[in-house]
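Reviewing the structure listed below.
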Amino acid sequence: MPDILKRLLRSPQGAAGVLIILLALLMVVGGAHVAPFDPESISILTRYKPPSAEHWFGTDQMGRDIFSRVMVGARSTILLSLLATALAMVIGSVLGTASAYLGGKFDEFMMRTMDAVMAIPSLLFALLIVSTLGQSSMNAVLAITIAFVPGMVRISRSVALAARQQDYINAAIARGEAGHYIILREMLPNILAPIIVEATIRVAFAIMLFATLSFLGLGAQPPEPEWGLMVSEARAYFFNAPWMMMIPGLAIALVAIGFNLLGDGLRDVLNPRSH
């Protein structure tokens, strides 16, 4: 692990990704303590204040401090996106590995089902799920998880098919090990690297998808300081106070870029052909 981290930090994109993600995680952990104001405190007298020494990112239409809202909102935006991606990774990797190991009709059924789900764009699929279940952050997490599972199934199955032919799998079968033991204890640990790389890159899409759902009013609900919701609320005031939309929008873009850079760096580091 230390060797992987050293190689990752020697890569320009890997180092940039690690730096951005560390800053994002610091916001998640300590954002509420750093925020100088209550993110939900309304002050009519301080509405539409531009960035200044007192309000670093300015204030919104209700006089709420945008810096405080961005700091506190990082927790819901980033953590829920990580949760959705982690759930999709766990479910998708288990199903994909099982499909590769069992083969036959199960594999055919699983992959045709995944193909059918992947034929629907992720955003449209997530919109359908949230519209059916109701408007809430956790329903948005569930929608993103379901939308991401097919892609994780395909990735894990592709690497598991190669692992299925390895001698250690044949040895486990010869020992009479149960199917679930071989899938969970023999195959999955040996195919984790490409799955983790794919999941890291998908976090960026999860952040943008979660922000989009909140922007459309189907994710986080007011007065929660979620970044996508902040952008949505600022639309009507863009020409009067552009910082209200630009700052949470830049936060979304920066964190998404960070996870993309981290995923690209990990892919290069974990690729045996690159060293």
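Conditions tested, residue by residue: (1) open to solvent by less than 60 Å² (accessible area, probe 1.4 Å); (2) in contact with a Leu (Cβ under 9 Å, 6 or more places away or on another chain).
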site: GLN166; (1), (2): no, no
site: GLY179; (1), (2): yes, yes
site: ILE183; (1), (2): yes, yes
site: GLU186; (1), (2): yes, no
site: LEU192; (1), (2): no, no
site: ARG202; (1), (2): yes, no
site: ALA206; (1), (2): yes, yes
site: LEU209; (1), (2): yes, yes
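Looking at PHE148, PHE210, which is the one that is under 30 Å from ALA236 (Cβ atoms) and part of a helix (DSSP H, G or I)? Before the answer, list the steps.
Working: PHE148 fails: under 30 Å from ALA236 (Cβ atoms).
Checking each option against the conditions leaves just PHE210.
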Which condition number in (1) in a loop (DSSP other than H, G, I, E, B); (2) closer than 13 Å to LEU95 by Cβ is the one that GLU177 fails? (2)
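Within the stretch 148-170, track down each residue that is modelled with pLDDT of 90 or more and of a type outside the set (D, E, K, R).
The initial filter retains those residues of the stretch 148-170 that are modelled with pLDDT of 90 or more, namely 148-161.
Matches in the stretch 148-170: PHE148, VAL149, PRO150, GLY151, MET152, VAL153, ILE155, SER156, SER158, VAL159, ALA160, LEU161.
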Could you check, for the stretch 128-140, whether at least one of its residues is touching a Leu at 6+ places or on another chain (Cβ under 6 Å) and open to solvent by 80 Å² or more (accessible area, probe 1.4 Å)? yes
Filtering the stretch 213-236 down to residues that are in a helix (DSSP H, G or I) and among the small types (Gly, Ala, Ser), which residue is surrounded by the fewest Cβ atoms within 10 Å (Cβ to Cβ)? ALA236
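Assess whether ILE257 counts as being open to solvent by 20 Å² or more (accessible area, probe 1.4 Å), at pLDDT 90 or above and either acidic (Asp, Glu) or farther than 25 Å from MET89 by Cα (or both). Outline the logic, then answer.
Values: open to solvent by 20 Å² or more (accessible area, probe 1.4 Å): yes; at pLDDT 90 or above: yes; either acidic (Asp, Glu) or farther than 25 Å from MET89 by Cα (or both): no.
Judged against the criteria, ILE257 is not a match.
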Can you find even one residue in the stretch 89-107 that is of a type in the set (A, V, I, L, M) and under 14 Å from the mean Cα position of the chain (by Cα)? yes
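The values are calculated or read from the model by the stated rules, or taken from the named source; none is laboratory data. Here the structure is a predicted model, which is why all the values come from computation and not from measurement. Backbone-built Cβ (ideal geometry, glycine too); neighbour counts: all protein chains shown. Just the protein is used for accessible areas: all its heavy atoms, side chains included, with ligands, DNA and RNA removed. Shrake-Rupley method; radii C 1.70, N 1.55, O 1.52, S 1.80 Å.
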